[in-house]
Structure formats: C-alpha cells, structure tokens
Amino acid sequence: MARAPLLQLSDISLTFGGDPVFADLSLVVQPGDRVALVGRNGSGKSTLMKVMAGLVEADHGTRVVSPGVSVGYMEQHPDLTGFATLGDFAASTLEPGEEYRVEQVAEGLKFNPGVSTATASGGERRRAALAKLLAEAPELMLLDEPTNHLDIEAIQWLEAELSTTRAGFVLISHDRAFLNALTRATLWIDRGRVRRQEEGFAKFEIWRDKVWEDEDVARHKLDRKIKAEARWAVEGISARRKRNQGRVRALGELRKERAAQIKRQGTAAMALDTGPKSGRKVIEAEGLSKTFDGRTILRDFSILVNRGERIALVGPNGVGKTTLLKMLIGTEAPDSGRVKLGTGIEMAVFDQNRASLMDDASLWENLVGDPDMRVSGKADQVLVRGTPKHVVGYLKEFLFDERQARAPVRSLSGGEKARLILAKIMAKTSNMLVLDEPTNDLDVETLDLLQELIGEYDGTVLLVSHDRDFLDRVATTTIAMEGDGRATIYAGGWTDYQAQRGDAAPTDRSKAKSKPKAEAKPAPTKPAETLSFTEKHRLEKLPAEIERLEAEIGKLEALLSDADLFTREPVKFNKATEALVERQEKLAAAEEEWLTLAEKAET
C-alpha cells in the first residue's frame, strides 16, 4: 500500500515587492526522500523552504501536511528571546526528561549548551537551531545551509547522522561533497519554476546543462520562425495588397511568447587581475608560537611559501586557523618566532566576518567609500583595476540590479554579501589572495567561477575553508591544525591530506626550505605528478576551448562559402577571412598544447 506524502504544495504563487517569486508551483515530498534544493542566490530557495515549513503564507495555492506528520525547520536566524542558554532553546520543544537528546547532538555539532544566549555568536546560534531540529527528530526535516559555521569534523558527523536517518529531508547547501553524499533527488528553482529530478546532486549539473541546451535550441527555432513570419508580413502583404489577419495575429502571439521568456541569470563577471609579480619568496615564517588565555594555539611552526602556491588551512573551529592566517600575513604578532614577507606583495583579503562591509550603508556607499576604489571628484564612479566605471554598471557585473544599489547592505542575503566583498577585492590588482571562508552562502555557479579564477590566478593564495570539494579543487598544500599547538603540512588538498595523515610522514618544511610549486617533491604515498597545478587546470580546459574554436571555424567557413560575398560585401569578406585564419592558428596551437600536456601527464 502506497504511503501518503509527507508534504504537498499545489499551485503555489507568491509575490514580493511586485515581482513574482513563484507562480503555479507544485511539489511533493515523499517519506524517505533525500532532496537537494538548489538554485542561484536570490532565486527563492529559503523562501520556498519557509513556505514548506508553513512560516510564509503563499498568495495562492495550498500546503498540505499528512495527518500525524511533524515538520521541522532549521532557522537561519533563530529567535532566542526568553531563553537563558542555548541548551534551553534547543530543548524547548522536548518532553521532560528528553533533554539528553540535546546533549548527544551538541557533542557531535561541537557546541556548548551552557553558553548564554546573550553572548552567543551567530555561529553558535545556528548550531543551536540545528541541534534543536535534530533532537526533535521530526518525520520531515527542512535544513537551510546546515553546514555553515561547522568545521569539517562536525560536517562529517552531521553527514553520518543524516545518512542513517529514516526521516525525509530537504537540504539547501553550498557544500558539494555534503550534497553528493546525501541526496537522491534534486529540486531546482530556476526563474520561478521548480523542476524535480530523481537523481542526487551529483547529476545536477549534467541535467541543468541539458535543460538549458534544449531551451536554447527551442528559442533559436522560435526566433527563426518570428523572422520568417515578419518577412512574410512585409513582403506578402505588398504582393497581395490584402492582409491575412489570422497569420498576422499569430505573428503577434509568437512575439508575445518570445517576450515572456525570462532570460537566465548569468554568472557574475568576476575577474582577478594579478599585479606585478611578487618576489619568489612570499612568506618566510620561523618558530611561530602563540598562546591565548593559557591555551597554546601554535607551537614552533615554520613554513616557506613561494610565489604561486595555494595554501589551505584546515582544522576544527576555534583551533586557531584565522589566527595563524593573520600571523602569516603580518596583521597579528606571534608570541615568539618571526615572519618575513617577501618583496612587492599586493594583498587582497576576504574576511569571513564581513568586517569590510558597512551594514547600514548602501551598496553604492560601500564601493564609493572604499579608499582604494574612490575616483577623485566622481561620486558615481569607482576605480576597477585602474579603470573608472559607473557604480551601477560594476554592481551589475556581480548580478546586483539597479534597485539594490541604494539598498542597505544589511538587506542582502549571505551570498549577496559574499559577492559584494568579491566585487571590492576584485576591483584591485593583487598578487596574493587571502580568503577566510569565502565559500559560505555562494551558489554553485559562483563557486565554480571562483574556483576557475583561483586556478588561473598567477599569484599566491592563502585559504581557510571547511568545504572539502573546494579544498580538493584549489589547494596545492594543506596546513592541518590538529590541536595542542600542532600544525602539520601536507601536500595537496583535503583528500590528499586524509590519505597521507595515517600512512606518510608530513612534509617537513621547517628544516628544508620549500621548492617552487612545479618542483615540489610528491607525497610518499602518491605517484609522482609531472604536471603543475596550472598545467593540470589547462589540460582540463583545453577540450572545451578546442570545441569552441572548431565551432567558430565552421561558422566562418559557412559564411565564406557564399560565392557572391566578396563582390557584395568586400569588407565583411575580408574580416571573415582574417578571423578564419586567426582561429585556425589558435586551434592548431591549442591542439598542440593539449597533445604536449596529455603526453606529459601519461609519462
């Protein structure tokens, strides 16, 4: 006998500020569903989850929860009014005697239930909200970014808990590894429409790209049909001197259909401009030690960071990752030891606490008020990598619309705030990026672009992150802060660190100075890698570049096959010929580069 669905939404429509968020939206969550809810920042993921939780009432449509089904929602910003401690809040809906459930969950999530709500940080508040939900154990859990403010150890604990639960859950997260491990179905919000696929997040991008490809083909056919009908409307009418009114009306309907199609949101036009090269030695640290309140954060740590390396710092929350990062860049002094920065360093810093943003000021004021971006005498322009740009134009490159330019920063979502910080640091030239938790709240598409930019960046990168997939894609070296002042250096990203920590001795760069990235010795447990980080990235990107060049060459050859083009449009013929020669040369060079790198990888 089929079981009743846990939750059903039918024909849901919702409008905020005149703009529809959803229209005629329907979905069903079945018992045991493990669903990823994905979409661009601002697409309405959190709003939809609140509709599912019954916290936001739709303008139209119905929400039905099956009798006896409990629905739990993890609040992003829980209201702790009236509760003395985080534990009191987390246990507030439990029956007497069941408070032990909170204690069990708190141990895995690494938060102290005894912390006063008056002094709790934003991260502690969110962990308390997550603990409350897990302790309640509802039949349907709605989890909005549960991994934010969790370290990797706590994320893995949560992953294990959710993998064994019998409850259904819907999950919003930016953490690819987390989503890949847990989800079996995907809900995708795209331009007010929700699609569902009975595959986990691991298959999402293939599905998304296929949907968009089919859309582009259909749109192209519609455009061609409109052009053909428009030509008939001009030429056919003059020939017969009588309108076929039905066909003209059909043309109008086609144009309405085309106008109603909502353009997909593009990716942010992010770019990193590497300034003049720094010296070969970027950071030289020897014998660093640091103690806070009698607790040893770091003991006798040494490292040499060379130009072009990507150094990731990992470890539990509170172990001192940000402190070590600040010591390495010279903004915090060690108790003992020394740090020497190399020559010609131009640093750009992404702060996890968003301290560089003025919450009560507008986006416009945040950009114009930045001394590094100010254009003398121009209140509506900012300096972007040495070139003046209009404030609104630059904000649009990061997917903000004109209405948001004058809105206060505090009205932005977490992902939008992250994009605004990226807009600020990417306006400057730099040769060293310092990124402290840059991945929180960013959508998948923006994360992909950020990874590509870091991969192509010619400078040095220092990175703190709990995103395992991001670490694997970006880091060439990992510093694992393991408690009691120990910080150990491993080659590679997160997966490499996990593989080495039990089987191989750590890389000892306190005694032997590090070689440049391309010359670094491989980890003992891994086969020798002959490709540098940049070469690996280039080898991955070349097939798409070759395919694009081949497509452009095909279009140009088709254009030049017109025998009358030279006499009819000589300028166009010459430009097309020059473009064809240029692309053929680029194609030959790209194919040769791919062959060289592929052979090098095989050896």
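Every number here is computed from the coordinates shown, using simple stated rules; none is lab data. Computed from a predicted structure; not experimentally measured. Virtual Cβ from ideal backbone geometry, glycine too; neighbours counted across all protein chains shown.
Taking the fewest neighbouring Cβ atoms within 10 Å as the starting point, the ordered list for LEU367, LEU304 is LEU304, LEU367.
Around VAL384, under 14 Å between beta carbons, what's the net of Lys plus Arg minus Asp minus Glu among the other residues?
Numbers: positive: ARG374, LYS378, ARG385, LYS389, LYS396, LYS424, LYS428; negative: ASP273, ASP370, ASP372, ASP380, GLU397.
Residues close to VAL384 contribute a combined charge of +2.
The residues packed around VAL194, meaning those with a beta-carbon under 15 Å from its beta-carbon, carry a net charge of +4 if Lys and Arg are +1 and Asp and Glu are -1. Toward the positive end of the charge dipole of the chain, with +1 on the Cβ of Lys and Arg and -1 on the Cβ of Asp and Glu, the farthest Cα among PRO388, LEU357, ALA487 is that of PRO388.
Go through LYS50/LYS321; LYS424/LYS586; LYS321/LYS417; LYS203/LYS600 and tell me which ones have a Cα-Cα distance over 27 Å in this structure. Don't skip to the answer; put the middle values down first.
Working: LYS50/LYS321 34 Å; LYS424/LYS586 34 Å; LYS321/LYS417 22 Å; LYS203/LYS600 31 Å.
Pairs exceeding the cut-off: LYS50/LYS321; LYS424/LYS586; LYS203/LYS600.
From the Cα trace of the range 41-101, what convex hull volume per residue do you get, rounded to a whole Å³?
Values: hull volume 8.6 nm³, N = 61.
For the range 41-101, the hull spanned by Cα atoms encloses 141 Å³ per residue.
Here the range 398-441 is scanned for amide nitrogen atoms under 12 Å from the site 7 Å beyond the Cα of ASP79 along Cα-to-Cβ, giving none.
Please give the FRET efficiency for HIS390 paired with ASN353, using the beta carbon to beta carbon distance and R0 = 25 Å, rounded to the nearest 0.05.
Values: r = 29 Å, r/R0 = 1.18.
After rounding to 0.05, the efficiency reads 0.30.
From the Cα gyration tensor of the range 533-602, with a ≥ b ≥ c the square roots of its eigenvalues, which class applies: rounded if a/c is under 1.5, or else prolate if a/b is larger than b/c, or else oblate? Because a/c hits 1.5 or more and a/b exceeds b/c, the range 533-602 counts as prolate. Each of GLU540 and GLU99 was given a label point 7 Å from its Cα along the Cα-to-Cβ line. The distance between the two points is 4.9 nm.
3J(HN,Hα) along the range 295-307, derived from phi through the Karplus expression 6.51 cos²θ - 1.76 cosθ + 1.60 where θ = phi - 60°, amounts to 9, 7, 8, 8, 9, 6, 9, 9, 7, 10, 9, 9, 3 Hz, with x in place of Gly and Pro.
Here the Karplus curve 6.51 cos²θ - 1.76 cosθ + 1.60, taken at θ = phi - 60°, turns the phi angles of the range 277-288 into couplings of 4, 7, x, 5, 8, 8, 9, 10, 10, 9, x, 6 Hz, with x standing for Gly and Pro.
Checking (i) 48, 32, 23; (ii) 44, 37, 24; (iii) 35, 33, 24 against semi-axes √(5λ) of the Cα gyration tensor in Å calculated from these atoms, the matching label is (ii). Computed from the Cβ-Cβ distance with R0 of 35 Å, the FRET efficiency linking VAL581 to GLU456 stands at 0.85. Counting only aspartates and glutamates at least 8 places from LYS210 when in the same chain, those with an alpha carbon closer than 16 Å to its own are ASP190, GLU198, GLU199, GLU445.
Centroid-to-centroid, using Cα positions, the range 114-138 and the range 50-68 are 25 Å apart. Extension gain for the segment LYS277 to PHE16, taken as residue separation times 0.36 nm less the Cα-Cα distance, is 89.1 nm to one decimal. A cut-off of 5 Å between modelled amide H atoms, ignoring neighbours fewer than 5 places along the same chain, links THR85 with THR117.
Going from the fewest other Cβ atoms within 10 Å to the most, the residues LYS281, LYS600 appear in the order LYS600, LYS281. Note on the chain: dipole from Cβ charges, positive end direction compared against THR85, PHE201, SER465; the farthest Cα belongs to PHE201.
About the Cα centre of the chain, what is the dipole size in debye to 20, counting +1 per Lys and Arg Cβ and -1 per Asp and Glu Cβ, all else neutral?
I would put it at about 1820 debye.
A Förster distance of 35 Å, applied to the separation of the beta-carbon atoms of SER116 and ASP370, puts the FRET efficiency at 0.45.
Peptide packing for 341-354, 427-440, 467-480, 582-595 was compared via the average number of neighbouring C-beta atoms within 10 Å per residue; ordered from the highest value, the list is 467-480, 427-440, 341-354, 582-595. Using C-alpha pairs below 8 Å separated by at least 6 residues, the relative contact order for the range 81-126 is 49 percent. Entry note: the range 7-206 has Rg to Rh equal to 0.96, where both radii use alpha-carbon atoms and Rh is the Kirkwood radius. Neighbours of HIS77 by Cβ distance under 9 Å: Lys/Arg scored +1, Asp/Glu scored -1, total 0.
Do the sum for the chain: with -39,500 (n - 2.57) for every DSSP H run of n ≥ 4, divided by all residues, what is the mean residue ellipticity at 222 nm, to the nearest 500 deg cm²/dmol? Intermediate results must be reported in sequence, preceding the final value.
Working: 18 runs with 239 residues, N = 603.
So the helix-based figure for the chain works out to -12500 deg cm²/dmol.
Based on Cβ point charges of +1 for Lys and Arg and -1 for Asp and Glu, what charge dipole magnitude is obtained for the range 7-206 about its Cα centre, in debye rounded to the nearest 20? Don't skip to the answer; put the middle values down first.
Numbers: 19 positive and 28 negative charges, 112 e Å.
Dipole about the Cα centre, nearest 20: 540 debye.
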